[in-house]
Amino acid sequence: NYPFRSEVISFLTGRTDAEELCDFLIEQAVKYPPPMYHCLTNMLSSHDVTRIRTALSTSIDPHSLTREQQATFVISDSQNRRGALRQRLAAALQFAVPGVPCIYYGDEHGMNGFLDPFNRGAFREGLYSLIEDYRQFARLRRSADALRTGHAVFYAPNPDCIAVLRYVMGGRDALGRAAQDGAYLVVVNRSETPQRFVLDFLARTPLFQPAHQAALRRLMSGGAACYITGRKFVVKDGLLDITVPGLSAVWLEFEPGGNVG
């Protein structure tokens with residue numbers, strides 16, 4: 001799914017905004033039959049393109065460089081640090097959206113490289129490794145049917161933030177197969193400053209199915225907890241007031257409650 005890679009890079013480097021990324025994700029969801037959509041290999045690097053760390057660190061078009069320039073290009077420490085922060089957000093989206101996260105070797109350790117053959121060098125651990133982040137995202141995805149084959153709704157609450165809601169209701173996933181009920185939200189903030197907004201999960205947005213409204217209210221009635229920090233959030237009448245730190249991804253698991261708010 002090379003288009004996914006291109007759109008994520010464009011968003012995280014400021015060439016497009018969250019609404020444009022949201023529109024792209026919606027377009028892919030309606031373009032493919034569900035079985036194919038959920039089999040898309042969502043990749044960020046491969047032997048055909050610049051490694052994701054390099055693409056997010058430099059914003060340089062590799063085709064503008066000669067092979068000699070690509071071979072000798074040195075990414076500064078500040079560029080690499082910025083690229084790592086952005087790559088963590090890209091990985092969060094990769095594990096949040098429908099499809100199959102496809103990890104190119106070495107990306108989890110921050111390997112750099114422009115085009116072939118510089119993108120397929122011998123494995124080595126780079127600076128600002130994200131191995132623990134990848135492990136954390138993978139553990140959560142493996143533990144939740146909703147994050148693997150659940151329904152998906154996308155939101156763009158402001159130009160810098162993209163949100164992905166995944167859920168299973170009634171014991172059936174988006175493919176009609178038996179699955180564990182649950183609801184999860186992943187929010188990515190590309191800005192360096194905290195962003196506060198209110199998400200309305202019951203609003204008539206693309207991909208939202210009105211028939212699911214009552215079930216979603218039940219799934220969310222106990223509020224939400226951040227998977228990484230444990231912080232609690234209140235959800236009332238389908239509304240979530242949330243502040244996302246700068247250059248961060250927040251993973252929330254919704255909790256059913258006794259009362260529907």
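No lab work stands behind these numbers, since they all come straight from the coordinates. Every value quoted in this text rests on a predicted model; they were computed, and no experiment measured them. Using ideal geometry, Cβ is built from the backbone for each residue, glycine included, and neighbour counts are taken over all protein chains shown.
Rounded to the nearest 10 degrees, what's the angle between the helix 18-31 long axis and the longest principal axis of the chain, both from Cα atoms, 0 to 90?
Roughly 70 degrees, rounded to the nearest 10.
Taking the Cα centre of the chain as origin and charging only Cβ (+1 Lys, Arg; -1 Asp, Glu), how large is the dipole, in debye to the nearest 20?
Numbers: 28 positive and 26 negative charges, 108 e Å.
Charge dipole, the chain, about its Cα centre: 520 debye, nearest 20.
Over the Cα atoms of the stretch 212-261, compute the convex hull volume and normalise it per residue, giving Å³. Each step should come with its number before you reach the end.
Working: hull volume 3.8 nm³, N = 50.
Hull volume normalised by residue count: 76 Å³.
Taking only C-alpha pairs under 8 Å that are 6+ residues apart, what is the relative contact order of the chain in percent?
Relative CO of the chain lands at 17 percent.
For the charge dipole of the chain, defined by +1 on Lys and Arg C-beta atoms and -1 on Asp and Glu C-beta atoms about the Cα centroid, which residue among Gln213, Tyr155, Thr54 has the Cα displaced farthest towards the positive pole?
Gln213
What value, in deg cm²/dmol to 500, does the helix sum -39500 (n - 2.57) over DSSP H runs of n ≥ 4 give at 222 nm once divided by the residues of the chain? Walk me through the numbers on the way to the answer.
Numbers: 9 runs with 88 residues, N = 261.
About -10000 deg cm²/dmol.
Out of all Cα-Cα pairs in the chain, roughly what percent, to the nearest whole number, are more than 35 Å apart? Mind showing how you got there, number by number?
Numbers: 5273 of 33930 pairs.
That fraction is 16 percent.
Please order His47, His109 by the number of other Cβ within 10 Å, starting at the fewest. It would help to have the intermediate numbers written out before the result.
Numbers: His47 13, His109 17.
The fewest-first ordering by Cβ neighbours comes to His47, His109.
By per-residue mean of other Cβ atoms within 10 Å, what is the highest-first order of 90-97, 111-118? Intermediate results must be reported in sequence, preceding the final value.
Values: 90-97: 25.0, 111-118: 19.6.
The peptides rank, most packed first, as 90-97, 111-118.
Hey, got the dipole for the stretch 151-248? About the Cα centre, +1 on K and R Cβ, -1 on D and E Cβ, debye to the nearest 20? Kindly include the intermediate steps, with their values, before the conclusion.
Working: 11 positive and 7 negative charges, 47 e Å.
I would put it at about 220 debye.
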